[in-house]
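**Q** Before I ask anything, here is the structure I am working with.
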Amino acid sequence: MHFYQGFWCLTFVFQGIISFQTHFEAHDTDILLASLPKTGTTWLKSLLYTITNRENLSKNHPLHTKNPHELVLQLDLNEPDVIAQVPSPRLFATHVPYSSLPDSIKTSNCRIVYVCRNPLDTFVSSWHYFLQFEISKETKPNEELMEEYLGKYSKGVSPYGPHDDHVLGYWKESIQNPEKVFFLEYEGLKTEPHAHLIRLAEFLGFPFSKDEENDNVVDEIIDLCSIKSLKEMEVNKSGKWFPWVENKYLFRKGEVGDWINYLTPSMAKQFHPMQEKLKKAGFSSKFCQI
Ligand code: A3P
């Protein structure tokens, strides 16, 4: 990884990030999902796409034939000419921290949705993601390697990290500018999906009508985008998102607090300074507690 503009940048996406920062011109109608890897990006992509494309929620809905990452392109991973072909209103995603977003995103009226997740669950999710790749067959991951990764992650050395700085950048902006940045917690979305979806749709400018609420459209969207539903779709069982990323790698358990099954108390303790920093910054959400 390179340390670039205050965050850790994976070598293979470095060019893509520079290209995004140099060429991307936001439109006022754009919607941008921002997140750290393994915090619920795939889930939010499916929800944002479905909220804004909900005329037909039957088996013909595009989610049945396309992985959420094909429907909502990652700005840091795609060429400018591919991005330019996306029709308006455009939906995109990025892992780049707020401070490093191109100016046109900050100065235009485009909207940003940010999803965060408990750092411990995010770390455990990243670890399992890594285990599925070929490279992990060579490195033979064991508890020692996990501890090494955890030590780095908890000190901020992780893709697009430090984790806490990434969260705080978007969190502060969402407080100063709530019309611009909608801040979501993975945990909150899991426990109260209905209420969150209603607020999210309003923020996006696609509010649910009374008729839609009566027809259970909100719950239909929640069900369609649930991990259980996405996991069972053929496109997510067999397809590939990247030459080395099978779609099925994107869906594991999708649970809150799963870290307890993998991390010892002393491992979890290493995250205390990060969680203290979040608390001190006024971040009172559940997710900075252990
Ligand atoms: P776990 O590894 O804890 O199960 P990302 O999409 O940012 O890569 O995040 C991946 C995490 O989100 C994984 O967490 C994955 O299982 C979970 N996930 C994927 N789809 C989901 C969905 N529809 N609902 C809830 N969680 C989901």
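The values are calculated or read from the model by the stated rules, or taken from the named source; none is laboratory data. Owing to the predicted nature of the structure, the values given are computational and were not obtained by experimental measurement. We place every Cβ from the backbone using ideal geometry, glycine too, and count neighbours over all the protein chains shown. To get the accessible areas, we keep the full protein, side chains included, count just its heavy atoms, and leave off ligands, DNA and RNA. Shrake-Rupley method; radii C 1.70, N 1.55, O 1.52, S 1.80 Å.
**Q** Arrange the residues Ile227, Ile105 by how much accessible surface each exposes, largest first, with a 1.4 angstrom probe.
**A** Greatest to least solvent exposure: Ile227, Ile105.
**Q** What does the accessible area per residue of the chain come to in Å², with a 1.4 Å probe and no ligands, DNA or RNA counted?
**A** Numbers: 13890 Å² over 290 residues.
Accessible area per residue: 48 Å².
**Q** Multiplying the sequence separation of Ser209 and Glu138 by 0.36 nm and subtracting their Cα-Cα distance, what value in nm do you get?
**A** Value of the extension gain: 20.2 nm.
**Q** With respect to the cross-link table entries Lys180/Lys237; Lys231/Lys280; Lys106/Lys279; Lys59/Lys210; Lys240/Lys269, which display a Cα-Cα separation exceeding 31 Å?
**A** In this structure, Lys180/Lys237; Lys231/Lys280; Lys240/Lys269 lie more than 31 Å apart at Cα.
**Q** Computing the accessible area with a 1.4 Å probe over protein heavy atoms, can you report the carbon and sulfur percentage for the chain?
**A** The C+S portion of the solvent-accessible surface of the chain is 53 percent.
**Q** On full extension of the chain, what length is gained from Lys237 through Val86, given 0.36 nm per residue of separation minus the C-alpha to C-alpha distance?
**A** 51.8 nm
**Q** If R0 is 41 Å, what FRET efficiency do you get for Phe3 and Lys248 from their C-beta distance, rounded to 0.05?
**A** After rounding to 0.05, the efficiency reads 0.80.
**Q** Also: Could you list the square roots of 5 times each eigenvalue of the Cα gyration tensor of region 2-280, that is, the equivalent ellipsoid semi-axes, sorted largest first and rounded to whole Å?
**A** Numbers: eigenvalues 160, 99, 81 Å².
The answer is 28, 22, 20 Å, longest axis first.
**Q** So, one more: So what does Arg199 come to for accessible area, using a 1.4 Å probe and Å² rounded to 10?
**A** Roughly 120 Å² of Arg199 is accessible to a 1.4 Å probe.
**Q** Computed FRET efficiency, Cβ-Cβ of Lys269 and Ala195, R0 22 Å: what is it to the nearest 0.05?
**A** Details: r = 34 Å, r/R0 = 1.52.
Approximately 0.05, to the nearest 0.05.
**Q** Please give me, ordered by residue number, the GluC sites (Glu not before Pro) of region 139-232 that lie in loop per DSSP and have at most 10 other Cβ atoms within 10 Å.
**A** Filter output for region 139-232: Glu179.
**Q** What nm distance separates the two modelled labels at Asn216 and Asn60, each placed 7 Å from Cα along Cα→Cβ?
**A** Between Asn216 and Asn60, the label points sit 2.2 nm apart.
**Q** Something else now. For the chain, set up a Gaussian network in which alpha carbons nearer than 10 Å are linked by springs, and say which option among Gln270, Gln85, Gln132 fluctuates the most.
**A** Gln85
**Q** Another question, if that's okay. When Lys and Arg each count +1 and Asp and Glu each count -1, what net charge do the other residues less than 15 Å away from Pro159, Cβ to Cβ, add up to?
**A** Working: positive: Lys38, Arg117, Lys152, Lys155; negative: Asp76, Asp164, Asp165.
With Lys, Arg at +1 and Asp, Glu at -1, the net is +1.
**Q** Tell me, what is the 1.4 Å probe accessible area of Asp211, in Å² to the nearest 10?
**A** Roll a 1.4 Å probe over it and Asp211 shows about 110 Å².
**Q** Using helices alone, what [θ] at 222 nm do you get for the chain, with -39,500 (n - 2.57) per DSSP H run of 4 or more residues, divided over all residues and rounded to the nearest 500?
**A** It comes out at -13000 deg cm²/dmol, rounded to the nearest 500.
**Q** Under a plain spin-label model, where a point goes 7 Å from the Cα along Cα-to-Cβ, how far apart in nm are Tyr129 and Ile18?
**A** Roughly 2.4 nm, to one decimal.
**Q** Determine the dipole magnitude for the chain: charges of +1 sit on the beta-carbon of Lys and Arg, -1 on that of Asp and Glu, nothing else is charged, the reference point is the Cα centre, and the result goes in debye to the nearest 20.
**A** That gives the chain a dipole magnitude of about 560 debye.
**Q** Next up: Towards the positive end of the charge dipole of the chain, with charges on Cβ (+1 Lys, Arg; -1 Asp, Glu), say which of Asn247, Pro265, Val82 has the farthest Cα.
**A** Pro265
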